[in-house]
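A.B. asks: First the structure, then my questions, so here it is.
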Amino acid sequence: MTSDWANREFPNTICLFDVDGTLTPARGVITDEMRKTLEDLRKKCVVGFVGGSDFVKQKEQLGDNALDMFDFCFSENGLTAFRKGAKLPENSFLQYLGEERYSKLVNFCLRYIADLELPQKRGTFVEFRQGMVNISPIGRNCSREERNNYEVFDLKHRIREKFVEDLEKQFPDYNLKYSIGGQISFDVFPIGWDKTYCLRHLEGEGFTTIHFFGDKAFKGGNDWEIYNHEAVTGHAIKNPEETQAVLKEIFHI
């Protein structure tokens, strides 16, 4: 156990949270009530978040003081990481894949989306990030109402699920993982660069208990791998209200 956490009631315990749908409503902002819950939780144990979005988007949901609210901040599954506000070493998806293979992947996705028959299409179908690429058939520029409508359409017609199956057939030698998350998109990243990637930043910290809370803890969901990791106690939740209820039950806050 590092002395950095000696002021916590359970210094060898850390709680990690997915952001979207777990700490906040889908693409919404954190509530004052959740802020208070996390503040109380930090008196009990170490607290961190891990999500696929970049840090800029995470701050839009968690607030500009996210680095002060959490002990560990893991953006893009931990490819960009902060410990007590200090930035840790980064890694790069483009460096891993190479420009030529990356271009082939993106070109395939854009052609595929062009041929999809959807009720609506907007913009930003492919979003390049530090540790992955995010693919959205409707486009990330859609409105909240369009996002909600697409989610219903996607669940019925399995658009993203079929898209992922076709990518796996097209690029079997790329060693990539495809993870459906949120309402409108899926992430593409190297195998092993899912949310379990962040756990390597916790090595040497002396944690004997690692709790993880996520709303996509099902096979194919982007919380599945860390939820099932042997070193992690996983909690599958449906929304931020359930997150708070489970925390109160475990830590009596």
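The values are calculated or read from the model by the stated rules, or taken from the named source; none is laboratory data. Nothing here was measured: the structure is a model prediction, and the numbers come from that model. Glycine also receives a Cβ, built like all others from the backbone with ideal geometry; neighbour counts cover every protein chain displayed. Just so you know, the surface numbers come from the protein's heavy atoms only, side chains and all, with ligands and any DNA or RNA stripped out. Shrake-Rupley method; radii C 1.70, N 1.55, O 1.52, S 1.80 Å.
A.B. asks: With every protein chain present, what is the per residue accessible area of the chain (1.4 Å probe, Å²)?
C.D. replies: 46 Å²
A.B. asks: Among DSSP beta bridges whose residues both lie in the range 106-253, state the antiparallel percentage, nearest 5.
C.D. replies: For the range 106-253, the DSSP antiparallel bridge percentage is about 70.
A.B. asks: Something else about it: Residue by residue through the range 247-252, what is 3J(HN,Hα) from phi via Karplus (6.51 cos²θ - 1.76 cosθ + 1.60, θ = phi - 60°)? Round to whole Hz and write x for glycine and proline.
C.D. replies: 4, 5, 5, 7, 10, 6
A.B. asks: To continue, here is another question. Check residue 47: other-chain or 5+ apart residues with amide H under 5 Å from its amide H, H built from backbone geometry?
C.D. replies: Under 5 Å from the amide H of residue 47: 15, 71, 72.
A.B. asks: How far, in nm, would the chain grow between residue 173 and residue 92 when pulled straight, counting 0.36 nm per residue and subtracting the alpha carbon separation?
C.D. replies: That pair, residue 173 and residue 92, stretches by 27.3 nm at full extension.
A.B. asks: Specify the angular offset, from 0 to 90 degrees and rounded to the nearest 10, of the alpha carbon long axis of helix 32-44 from the longest principal axis of the alpha carbons in the chain.
C.D. replies: Value to nearest ten degrees: 50.
A.B. asks: In Å, what is the Rg of the alpha-carbon atoms in the range 22-95, and how long is Dmax?
C.D. replies: Just the Cα atoms of the range 22-95 yield Rg and Dmax of 12.4, 41 Å.
A.B. asks: A follow-up question, please. Just how far, in whole angstrom, is the range 1-75 from the range 106-184 if you go by their alpha carbon centroids?
C.D. replies: 28 Å
A.B. asks: Which whole-Hz ³J(HN,Hα) couplings does the range 119-125 yield from phi under the Karplus relation 6.51 cos²θ - 1.76 cosθ + 1.60, θ = phi - 60°, glycine and proline marked x?
C.D. replies: Working through the residues one at a time gives x, 8, 9, 10, x, 6, 7 Hz.
A.B. asks: With only Lys, Arg, Asp and Glu charged, each at its Cβ (+1 for the first two, -1 for the last two), find how big the charge dipole of the chain is about the Cα centre; round to the nearest 20 debye.
C.D. replies: In debye, rounded to 20, the chain gives about 220.
A.B. asks: How big is the antiparallel share of DSSP beta bridges in the chain, given as a percent to the nearest 5?
C.D. replies: Close to 50 percent.
A.B. asks: Quick one: Karplus J couplings for the range 176-183, per residue in order, coefficients 6.51, -1.76, 1.60, θ = phi - 60°, nearest Hz, x for Gly and Pro?
C.D. replies: Calculated HN-Hα couplings, in order: 10, 10, 10, 10, 7, x, x, 9 Hz.
A.B. asks: Give the carbon-plus-sulfur fraction of the accessible surface of the range 195-253 in %, rounded to a whole number; probe 1.4 Å, heavy atoms of protein chains only.
C.D. replies: 48 percent
A.B. asks: Also: State the antiparallel share, in %, of DSSP beta bridges confined to the range 44-87, rounding to the nearest 5.
C.D. replies: 65 percent
A.B. asks: Can you give the convex hull volume of the alpha carbon atoms of the range 73-211 per residue, in Å³?
C.D. replies: 138 Å³
A.B. asks: Now, a different point. Which label marks the calculated value of Rg and Dmax of the Cα atoms in Å, given the options (i) 16.7, 47; (ii) 18.2, 57; (iii) 17.1, 51?
C.D. replies: (ii)
A.B. asks: To continue, here is another question. Return a single number: how many Lys pairs in the range 97-170, at a sequence separation of 8 or more or on separate chains, have alpha-carbon atoms below 22 angstrom apart.
C.D. replies: Step by step, the pairs that qualify in the range 97-170 add up to 4.
A.B. asks: Here is a further query. With every protein chain left in place and a probe of 1.4 Å, what is the accessible surface of residue 13, to the nearest 10 Å²?
C.D. replies: Residue 13 exposes around 10 Å² with every protein chain in place.
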